[in-house]
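First the structure, in the form of structure tokens, and then the observations on it.
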Amino acid sequence: MTSDRTGGNGWTGRMGKARNGYTFIELIIVSSMIFVLAAAIMPLAKVTMQRTREAELRRALREMRTAIDKFKDAADQGLIGSLDIKAGSENYPADLDTLVEGVTAANDATGRKLKYLRRVPIDPMTGKDEWALRSYQDDAKSTRWGGQNVFDVRTTSEGTALDGSKYRDW
């Protein structure tokens, strides 16, 4: 058996010494490649996060609008006690809290409550549970709530979606 001065790896540097590890240039090149890849991934991650928040916003709006519609249907069918429906409300809930707290079922002596939401969802664009409301009597383009009832909800965010539409128009 012959003795190998390279330490078994077969590579030798200057003066016949074994070379272990990486050179400074190799480390700079690898670091640069990692930096370039990370820089390319960051915009993709931002878009993915925004798309996720937009999906959450659509889900929250659908959940609240469905609850409003179910309340309206129940009121139209006479399933909600007359004391829980405000005069001039067109059978829409007075506010979002009414959907959470519930209303008394008509002709039910037990005091059973009909609830339409477990909680008011958090707006993923603003991080708050505050929503822009529109009553049945409000103009379709109105930016202020008349306060008579809750006919529709939308976000208070002024942001723009990935498709170019405004969140407040959803």
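Here's how it looks for residue 80: its modeled amide H is under 5 Å from those of 106, which are all 5 or more places away or on a different chain. In this structure residue 116 has an accessible area near 50 Å², from a 1.4 Å probe over the protein heavy atoms.
With Cα atoms as the point set, segment 58-169 shows a radius of gyration and Dmax of 14.9, 52 Å. Under the combined filter of DSSP loop state and at most 14 neighbouring Cβ atoms within 10 Å, segment 98-166 retains these trypsin sites (Lys or Arg not before Pro): 112, 115, 118, 119, 128, 141, 144. Calculated mean residue ellipticity at 222 nm for the chain: -12500 deg cm²/dmol, from DSSP H runs with n ≥ 4 weighted as -39500 (n - 2.57), summed, divided by the residue count and rounded to 500. Considering segment 94-149, its Cα convex hull presents a mean projected area of 5.0 nm².
Shown for segment 10-142: the carbon plus sulfur share of the solvent-accessible area, taken with all protein chains present and a 1.4 angstrom probe, equals 57%. Local charge for residue 57 was computed over the other residues whose Cβ lies under 10 Å away, with Lys and Arg +1 and Asp and Glu -1, and equals +2. Averaged over its residues, the chain has an accessible area of 71 Å² per residue, based on protein heavy atoms and a 1.4 Å probe.
For the chain, the tally of Lys pairs with Cα-Cα distances below 18 Å comes to 9, considering only residues 8 or more apart or on different chains.
The values are calculated or read from the model by the stated rules, or taken from the named source; none is laboratory data. These numbers come from a predicted model, not from an experiment. Please note: Cβ atoms are built from the backbone with ideal geometry, for glycine as well, and neighbour counts cover all protein chains shown. Just the protein is used for accessible areas: all its heavy atoms, side chains included, with ligands, DNA and RNA removed. Shrake-Rupley method; radii C 1.70, N 1.55, O 1.52, S 1.80 Å.
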